[in-house]
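Please treat every number below as a calculation from the coordinates, not as lab data. Keep in mind that what you see is a predicted model, and the values were worked out from it rather than measured. Note that each Cβ is placed from the backbone with ideal geometry, even for glycine, and that neighbours are counted across all protein chains shown.
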Amino acid sequence: MVDPSTPPNGDSVALVLTHRVDEPAVVELRRLTRESGRRVVLVTDQLREPELMAVLECGVRTIVWRAEATQSRLIGAVRSAARGDSKLPPDLLGQLIAHVGRSQRTAPHSPSTAPPVGLAPREVDVLRLVADGLDTHQIAEKLAYSERTIKNVLYGVMSRLQLRNRAHAVAYALREGYI
């Protein structure tokens, strides 16, 4: 659910309510923040680390747990977003800090290398199927993507995270708790 609203200072804020952040939700968040330039308040029931990274990558800086979404909290969140402030629940802030710490420990110590970003839900789906032993054609059929898309997803994950091959990518996903 998207509810664009305009606070008194004129900045546009969209309120997005979703049970779970999946690929369509990420696409909508990206569209709202990048194409329309709106600031977004995300209200959701659950958000694992990969989804948190995808949401932050989209430009969302204010998140409210649905169970804690009282009228006053939502008003405060919309005002905060309109000012350009960030507001995350403490447990999500802890996840973010833990992710940054892991990224810095596993990233090569080179000034030109940016720390890796979490896996997107589509990347997790592909790696899960690779771990199940499916080949590119089977994964493409199962997820209703082209084989080229599957190859691009795998290439993107492996190059971004500096992984050597599919087995290394699956091992990384297992170690980090994505699958």
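Things worth noting here:
- Taking other C-beta atoms within 10 angstrom as a stand-in for reagent exposure, Y145, Y155, Y172 fall in the order Y155, Y145, Y172, fewest first.
- Part-to-part distance (alpha-carbon centres) for segment 146-168 and segment 63-100, which is given in Å: 33 Å
- Folded to 0 to 90 degrees: helix 121-131 orientation relative to the chain principal axis, Cα: 20 degrees
- Translational diffusion coefficient of the chain (Stokes-Einstein, Kirkwood radius from Cα pairs, 37 °C, 0.692 mPa s): 186 µm²/s.
- Antiparallel content of DSSP bridges confined to the chain, in %, to 5: 25 percent
- For segment 18-89: rounded, prolate or oblate by the Cα gyration tensor [a/c cutoff 1.5]: oblate
- Net +/- balance of residues flanking P89 in space, Cβ distance below 14 Å, scoring K and R +1, D and E -1: 0
- Cα-centred dipole magnitude for the chain, charges only on beta-carbon of K, R (+1) and D, E (-1), debye, nearest 20: 440 debye
- Separation of the R128 and S86 label points, Cα + 7 Å toward Cβ, nm: 2.8 nm
- Under 13 Å, Cβ to Cβ, from R73 - net charge with Lys/Arg +1 and Asp/Glu -1: +2
- Looking at segment 2-96 alone, DSSP beta bridges between its own residues are antiparallel in about 25 percent of cases.
- Cβ-based charge dipole, the chain, positive-most Cα from W65, G118, T149: G118
- Normalised contact order of segment 119-175, rounded percent, pairs of Cα under 8 Å and 6 or more residues apart: 38 percent
- Taking A14, A77, A69 as the candidate residues, the one with maximal mean-square fluctuation in a Gaussian network model of the chain, Cα springs under 10 Å, is A69.
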